[in-house]
Amino acid sequence: MRRGCFALAAVSVCVAAGPAAAQQSQADKLDELSKNEQNWVMQCKNYDCNHFSESTQINTDNVKKLSPAWSFSTGVLNGHEGAPIVVDGMMYINGPFPNNVFALDLDDPNRIVWQYKPKQDPAARSVACCDVVNRGLAYYPGDGDTPALVIETLLDGHLLALDAETGEQYWKLEVMDPSVGQTLTQSPYVVKDKVIVGSSGAELGVRGVVTAFNVKTGEQEWRAYATGPDEDLLLADDFNINNPQYGQQGLGTKTWEGEAWKIGGGTNWGWYAYDPEEELFYYGSGNPAPWNETMRPGDNKWTMTIFGRDLETGKAKFGYQKTPHDEWDYAGVNVMMLSEQEIDGKKRKLLTHPDRNGILYSLDRTNGDLVRADKMDDTVNWVKHVDMESGQPVRDPEYGTRMDHRSKDICPSAMGYHNQGVDSYDPNQQLFFIGMNHLCMDWEPYMLPYRAGQFFVGANVWTYPGPKGNREEGTGSGQIKAYDAKTGEFRWEKMERFAVWGGTTATAGNLVFYGTLDGFIKARDSRNGDLLWKFKLPSGVIGHPITYMHDGTQYVGINYGVGGWPGVGLVFDLNDPSAGLGAVGAFKELANHTQMGGGFIAFSLEGESPYTKDIQTGEYQASN
């Protein structure tokens, strides 16, 4: 809930919005920056969110020569999700609570150009669902009136804009209220003159919302909820006109009992994509609250929904609910990847989404048509298949949940076969590279009252590796796969000791990079999955790799710092297998492979860096 906009001194300079042409110019500037391989200007790399680099200096022939070039510690030990952004020779990096921000000059990353340490309400830590993570920074390139900005969410519900050159605070907003369980962990999303941000806190009965602010002034432009009356949902008059079977007006209240929609969840803290031609942006709403389905009969629309919304008005053109009346916490906030591919002889503008429920969905992003719905793994068992006409999942009742019953061996677990990782798409090979979990669970619901600011879950969960893993050892809980959306087939797949939580990055060098919970960064041949290189990091990985060129050298880098939901047992020293919303039992073996840490490491061929090119770089120069 937004309680005010605190405009600081510099804001008054930029309140007047520029002409439409100038706004378009800035959109092009951000887009152009994303196409330059010297930059990694968005968490998802570009509007398509394909996490793909055209750089080929590092390739399958020489990747074995990758060595550490330089590193940076954030000074914080909790889980490091997301990644730094890189713009015009500068790297901007943040971390988990207290969400400190640093600017590094890539000509000499030993020198911190500026640092910003926000003051926050420490009570926010107590209502954070799953560690105190943050999924990274966003960047606005500036115009004649407004400087370039680095934008960050703070765990205590504030949205913050910093001058990218100086690190000075430009504006700061109170967007969410942690006293009722609302927090911010998402990376903000900048498009044109807007910064869009979702919310966290469905495990505390928070009603999900997405809000657009003017990036120059911080003024709110529109706000859309996931549940409630149509006017709160911002449904377009022709909402789902191409797919009325998905549902249309009035369902944000009618599919709930009484006023349960007011505490019904549907938060969104994942990743967005944007299609400039359609002027639509795409994201997924999360799980309904509470987890105990008995307490909220109905489809619970529009939780668990892929939305396509108009950027300027926020109005939803379509919404496809993947898991109506969710019984398993299959929050659908996962990454949205855009591509254009020919399917059944027809060129389609696809939105591909690996959902937590174990299904890989591909929609026609112009109208929401369901094009494909393939199981991520043959062990997915809660659903037999998805009916392509209605879009409805055909459930297997054996794996449903109900009161006074412990449902067993449900696959995937509440952590999903895919969670918050950012995956990649190689347009040359037309393959998606999916970092996955391989986790199943037992589930036993219980009743509980709603109290604002307290956890509102209503289920005990025991999580363990899926059938392909080793349940006795607690290993074999991750996979990485190459997926062809044209055919629904997997080109290759490899098992990992633990969940591949952070996602993948693909390059035109026929490589796919990713980090592992036990602390490796790895490179595989993206054509066949062969393991070509790996390096042991100081701590486990829950973030995604990036790559960029600087001064003629290609670097690959990644955050390290185990934590997040899979690491809560390690971070908070928990031992009950059902603690951490079921994560502790799933990753009981993790502490035998890694410990807490926090930072970033860059790699290059032969470890080339500013310090090897000129050993005097960064040396102290005596004044006399």
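The values are calculated or read from the model by the stated rules, or taken from the named source; none is laboratory data. Here the structure is a predicted model, which means the values were calculated and not measured. Cβ: placed from backbone, ideal geometry, glycine included. Neighbour counts: every protein chain shown. We work out accessible area using only protein heavy atoms, side chains counted, and drop any ligands, DNA or RNA first. Shrake-Rupley method; radii C 1.70, N 1.55, O 1.52, S 1.80 Å.
Things worth noting here:
- Candidate set: the stretch 584-593, residues that are under 23 Å from the mean Cα position of the chain (by Cα) and touching a residue at least 40 places away in the same chain (Cβ under 8 Å); chosen: the one farthest from Ile85 (Cα to Cα): Ala586
- Within the option set Glu231, Glu221, being part of a strand (DSSP E or B), of a type in the set (Asp, Glu) and either out of contact with any Pro (no Cβ under 9 Å at 6 or more places or on another chain) or buried (at least 24 other Cβ atoms within 10 Å of the Cβ) (or both) holds for one residue only, Glu221.
- Here Ala123 clears all of (1) within 20 Å of Val190 (Cβ to Cβ); (2) more than 20 Å from the chain's Cα centre (by Cα); (3) aliphatic (A, V, I, L, M) except the condition numbered (1).
- Pick from the stretch 145-160, criterion outside any strand (DSSP E or B) and not aliphatic (A, V, I, L, M), ranking: modelled with the lowest pLDDT: Asp145
- Between Leu605, Leu574, Leu581, the distinction of being more than 22 Å from the chain's Cα centre (by Cα) and within 23 Å of Asn134 (Cβ to Cβ) belongs to Leu574 only.
- Residue in the stretch 94-115 that is in contact with a Cys (Cβ under 7 Å, 6 or more places away or on another chain), of a type in the set (S, T, N, Q), assigned to a loop (DSSP other than H, G, I, E, B) and farther than 30 Å from Gly569 by Cα present: no
- Contacts under 8 angstrom Cβ, first residue in the stretch 293-305 being assigned to a loop (DSSP other than H, G, I, E, B), partner among the aliphatic types (A, V, I, L, M) and open to solvent by 10 Å² or more (accessible area, probe 1.4 Å), 6 or more apart: Arg296/Ala260; Asp299/Leu251; Lys301/Leu251; Trp302/Leu251
- Wholly enclosed strands (runs of 3 or more DSSP E) of the stretch 456-500 bearing at least 2 residues modelled with pLDDT of 95 or more, over 23 Å from the mean Cα position of the chain (by Cα) and farther than 24 Å from Ile542 by Cβ: 489-496
- First in the stretch 524-535 and within 20 Å of Glu606 (Cβ to Cβ), second anywhere and acidic (Asp, Glu), Cβ under 9 Å, 6 or more apart: Leu532/Asp525
- Subset of the stretch 145-167 (residues that are β-branched (Val, Ile, Thr), open to solvent by less than 10 Å² (accessible area, probe 1.4 Å) and over 22 Å from the mean Cα position of the chain (by Cα)): Thr146
- Criterion violated by Pro68 - all others in (1) out of contact with any Leu (no Cβ under 9 Å at 6 or more places or on another chain); (2) of a type outside the set (Phe, Trp, Tyr); (3) part of a loop (DSSP other than H, G, I, E, B) satisfied: (3)
- Given (1) surrounded by fewer than 24 Cβ atoms within 10 Å (Cβ to Cβ); (2) closer than 26 Å to Ile263 by Cβ, number of the condition Trp328 does not satisfy: (1)
- Residue match in the stretch 123-134 (condition: charged (D, E, K, R) and at pLDDT 95 or above): no
- Among the residues of the stretch 136-187, those that are in contact (Cβ under 8 Å) with a residue 24 or more places away in the chain, out of contact with any strand residue (DSSP E or B) (no Cβ under 8 Å at 6 or more places or on another chain) and of a type in the set (Asp, Glu) comprise Asp143, Asp145, Asp177.
- Selection count, the stretch 565-601, where residues are of a type in the set (Gly, Ala, Ser) and either in contact with a Ser or Thr (Cβ under 7 Å, 6 or more places away or on another chain) or part of a helix (DSSP H, G or I) (or both): 9
- Here Asp576, Asp614 are screened, and the one residue that is open to solvent by 70 Å² or more (accessible area, probe 1.4 Å), under 18 Å from Ser413 (Cβ atoms) and free of Cβ contacts under 8 Å to residues at least 40 places away in the same chain is Asp576.
- Residue within the stretch 312-332 that is within 22 Å of Leu233 (Cβ to Cβ), among the charged types (D, E, K, R) and in contact with a helix residue (DSSP H, G or I) (Cβ under 8 Å, 6 or more places away or on another chain) present: yes
- Meets criteria (over 19 Å from the mean Cα position of the chain (by Cα), farther than 30 Å from Ser609 by Cα and either surrounded by fewer than 24 Cβ atoms within 10 Å (Cβ to Cβ) or not polar (S, T, N, Q) (or both)) for Gly198: no
- On the stretch given as the stretch 335-348, residues that are in contact with a strand residue (DSSP E or B) (Cβ under 6 Å, 6 or more places away or on another chain), touching a residue at least 12 places away in the same chain (Cβ under 8 Å) and open to solvent by 30 Å² or more (accessible area, probe 1.4 Å) total 1.
Results for (1) open to solvent by less than 50 Å² (accessible area, probe 1.4 Å); (2) over 30 Å from Trp462 (Cα atoms); (3) at pLDDT 95 or above; (4) in contact with a Gly (Cβ under 6 Å, 6 or more places away or on another chain), shown as yes or no for each residue.
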| position | (1), (2), (3), (4) |
| --- | --- |
| Val333 | yes, no, yes, yes |
| Gly358 | yes, no, yes, no |
| Leu363 | yes, yes, yes, no |
| Asp369 | yes, yes, yes, no |
| Asn381 | yes, no, yes, no |
| Val386 | yes, no, yes, no |
| Gly400 | yes, no, yes, no |
| Ile410 | yes, no, yes, no |
| Tyr417 | yes, no, yes, yes |
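- So Leu173, is it assigned to a strand (DSSP E or B), at pLDDT 95 or above and farther than 26 Å from Asn46 by Cβ: yes
Results for (1) crowded, with 24+ Cβ neighbours inside 10 Å; (2) touching a Gly at 6+ places or on another chain (Cβ under 7 Å); (3) over 19 Å from Arg223 (Cα atoms), shown as yes or no for each residue.
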position: Asp131; (1), (2), (3): yes, yes, yes
position: Asn134; (1), (2), (3): yes, yes, yes
position: Asp143; (1), (2), (3): no, yes, yes
position: Gln169; (1), (2), (3): no, no, yes
position: Asp177; (1), (2), (3): no, yes, no
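- Residue count for the stretch 47-61, restricted to those that are open to solvent by 20 Å² or more (accessible area, probe 1.4 Å) and over 13 Å from Ala506 (Cα atoms): 3
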